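Input: a single structure, listed below in structure tokens.
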Amino acid sequence: MITLRKNNVCAVIPFLNEEDFIVEVITKTLKYVDLVIAVDDGSKDNSLKLIKKLDNVEIIIFDKNFGKGTALKSGFRLAIELDFDIILTLDADLQHDPDYIPVFLDAIKKYDVVIGNRLSDLKKMPYHRILSNYLTSFLLSLKLKKIIKDSQCGYRAYKKKVLQKISIHNSGFEAESEIIVRAVREKFSIGFVDIPTIYANEKSKMKSFQAIKGFLKILFM
């Protein structure tokens with residue numbers, strides 16, 4: 001546990017079998033935050049063993065895979081209990097460059113929620129992801145009557161009051177769209193920052209049918 005806080009910011013990083021990248025992601029993230037809350041969503045590889053000795057890391061361990069939404073909810077709960085002002089979320093597979101954290105921390109001064117926008121640079125994004133991201137972002141924008149630039153990006157910053165006010169009911173990847181819907185309904189302000197598209201190391205855990213089904217559930221909630 002940390003004893004001295006420099007900016008009262010923590011990062012919640014869910015992971016599932018990310019032994020190739022998890023140490024690098026956490027180490028880079030810790031340059032900018034006081035604490036990393038790493039949520040092991042049922043990993044079967046050496047991810048957990050590799051991070052157990054890292055300083056300023058709190059680990060939540062699930063004995064089986066419950067889904068990203070459940071992992072985020074657990075991490076948020078601990079972050080609120082520890083009274084952090086700002087809670088960041090990023091993926092453990094190096095899709096999200098931790099060196100962009102200062103950009104999020106600057107933007108969160110003006111907004112309640114800040115979401116990364118990958119759709120300004122599509123050169124490295126697979127075609128099916130471009131289509132999926134544009135479609136879901138467009139449909140959420142119509143639903144909420146507010147421009148949502150990249151609804152699927154999990155690289156985000158939240159003020160504590162947002163996560164204290166809203167609740168997450170979905171367990172999978174659709175939880176990130178649910179958070180947007182609930183935040184807009186509660187009149188929280190949402191901003192976007194451009195981030196690079198990084199897919200070189202991707203081993204996607206998102207199943208297409210489940211993702212579509214989950215998003216439709218959010219669209220009609």
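Note on the range 2-46: residues that are among the basic types (Lys, Arg) and closer than 24 Å to Asn65 by Cβ amount to 1. Within the range 180-201, being free of Cβ contacts under 8 Å to residues at least 60 places away in the same chain and surrounded by 18 or more Cβ atoms within 10 Å (Cβ to Cβ) holds for Val181, Arg182, Val184. Scanning the range 57-74 for residues that are within 15 Å of Ala11 (Cα to Cα) and either in contact with a Cys (Cβ under 7 Å, 6 or more places away or on another chain) or surrounded by fewer than 16 Cβ atoms within 10 Å (Cβ to Cβ) (or both) yields a single hit, Ile59. Of the residues making up the range 150-179, those that are farther than 19 Å from Ile13 by Cβ, among the small types (Gly, Ala, Ser) and buried (at least 21 other Cβ atoms within 10 Å of the Cβ) are Ser151, Ser177.
Of all residue pairs spaced 6 or more apart or on separate chains, those with beta-carbon atoms under 7 Å, a first member in the range 60-81 that is of a type in the set (Lys, Arg) and a second member that is in a helix (DSSP H, G or I) and modelled with pLDDT under 95 are Lys68/Ala175. Candidates in the range 31-58 are the residues that are among the hydrophobic types (A, V, I, L, M, F, W, C) and under 16 Å from the mean Cα position of the chain (by Cα); of these, the one that is nearest to Ala157 (Cα to Cα) is Val33.
Within the range 27-56, being buried (at least 22 other Cβ atoms within 10 Å of the Cβ) and under 20 Å from Ile101 (Cα atoms) holds for Thr29, Val33, Leu35, Val36, Ile37, Ala38, Val39.
What are the residues in the range 130-172 that are in contact (Cβ under 8 Å) with a residue 12 or more places away in the chain, in contact with a Ser or Thr (Cβ under 9 Å, 6 or more places away or on another chain) and of a type in the set (Val, Ile, Thr), if any? Within the range 130-172, Thr136, Ile148, Ile168 meet the criteria.
The values are calculated or read from the model by the stated rules, or taken from the named source; none is laboratory data. As the structure is a computational prediction, the values presented were derived from the model and not from experiment. Every residue, glycine as well, gets a Cβ built from its backbone with ideal geometry; the counts of neighbours run over all protein chains shown.
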